[in-house]
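The values are calculated or read from the model by the stated rules, or taken from the named source; none is laboratory data. Here the structure is a predicted model, which means the values were calculated and not measured. With ideal geometry, Cβ positions are generated from the backbone for all residues, glycine too; neighbour counts draw on all protein chains shown.
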Amino acid sequence: MYKHAVRQTSRKNAKKEGKKKKGVEIHTRFAAENNKGVGVMEVKKVDHIGIAVKSLDEALPFYTDTLGLSCVGMETVESEQVRVAFLKVGDVKIELLEPLSEHSPIASFIEKRGEGIHHVALGVDDIELRIQELKNNGVRMIHEQPKRGAGGARIAFMHPKSAHGVLYELCERGGGQ
C-alpha cells in the first residue's frame, strides 16, 4: 500500500544539502495502484492495550501502587470468559484480562506465551465498513462481524498473521470515541 524510497546521504552530499550529518532518509508515499479495496482504514486513536494476566488480584497492585495508575472500572465479559480491569493512562486505557476458565482464549494465550501484551485496540467509527475495508485489502479477520466486548464496545479482531504478528482489535464505542 505504501512505497518506501530509501536515500543514503554521504558526508559530502550532506554538506551540499545543508545537513550536518550523513544518514539515511526514508520517504513514504501512498501507492494508490496497490490499493485493492475501498480505501485505507481510518483509525481514530489507540483505544486500549490488552494485557493478559493470571490474576487481577496479583497484577493490580503493580499497576496502581507501583505505576500510580487509577483503576477506573472492572467488568466480567461472560462471552469471552474473562474478567477485565480498566486502567487510565491519559487518553488510552490499559485492560488487564484475567481468564475465568482454563478454556478461555486468554487462558490459552497465557499457557502458550505467558502473561503480557495480548492485543492493541484501535478506535474506529463504523466498524462494519472498517472490517470490509480490511478484508478488501487482503487482511484476514478473526471476526467478520462485530461482537460485544468490554465496556459495551463493538469489537472485531484482525488475524495476527495479517498484521505482522500483532493481534489488533477494532473497537467502536457508542457516543463517540
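Any residue in segment 69-86 that is in contact with a Cys (Cβ under 8 Å, 6 or more places away or on another chain) and either of a type in the set (D, E, K, R) or touching a residue at least 40 places away in the same chain (Cβ under 8 Å) (or both)? Yes - at least one qualifying residue is present in segment 69-86. Here is a check on your reading of the model: is Glu95 over 21 Å from the mean Cα position of the chain (by Cα) and not small (Gly, Ala, Ser)? Answer is no for this residue.
Against the list (1) within 24 Å of Tyr63 (Cα to Cα); (2) touching a Pro at 6+ places or on another chain (Cβ under 6 Å), the condition Pro105 fails is (2). A count restricted to segment 85-122 and to residues that are over 19 Å from Ala153 (Cβ atoms) and acidic (Asp, Glu) stands at 3. Of the residues making up segment 67-91, just one is loosely packed, with under 14 Cβ neighbours inside 10 Å, among the charged types (D, E, K, R) and under 20 Å from the mean Cα position of the chain (by Cα), namely Asp91.
Within segment 114-134, the set of residues being small (Gly, Ala, Ser), touching a residue at least 60 places away in the same chain (Cβ under 8 Å) and within 18 Å of Ala52 (Cα to Cα) comprises Gly116, Ala121. Looking only at segment 125-140, decide whether some residue is among the aliphatic types (A, V, I, L, M) and within 14 Å of the chain's Cα centre (by Cα). Checked against the condition, which is being among the aliphatic types (A, V, I, L, M) and within 14 Å of the chain's Cα centre (by Cα), segment 125-140 yields no hits at all. Looking only at segment 57-66, residues that are surrounded by 14 or more Cβ atoms within 10 Å (Cβ to Cβ) and more than 14 Å from His118 (Cβ to Cβ) come to 3 in all.
Applying the criterion of being buried (at least 17 other Cβ atoms within 10 Å of the Cβ) and either of a type in the set (D, E, K, R) or not assigned by TED's automatic domain parsing to the domain that holds Leu69 (or both) to the residues of segment 92-105, the residue that is nearest to Leu69 (Cα to Cα) is Lys93. Taking first residues from segment 135-148 that are in a loop (DSSP other than H, G, I, E, B) and partners that are charged (D, E, K, R) and at pLDDT 95 or above, the Cβ contacts under 6 Å between residues at least 6 apart in sequence or on separate chains come to Pro146/Arg154. Highlighted here are the strands (runs of 3 or more DSSP E) found entirely within segment 34-105 that include at least 2 residues which are among the aliphatic types (A, V, I, L, M) and closer than 24 Å to Lys135 by Cα: 45-52.
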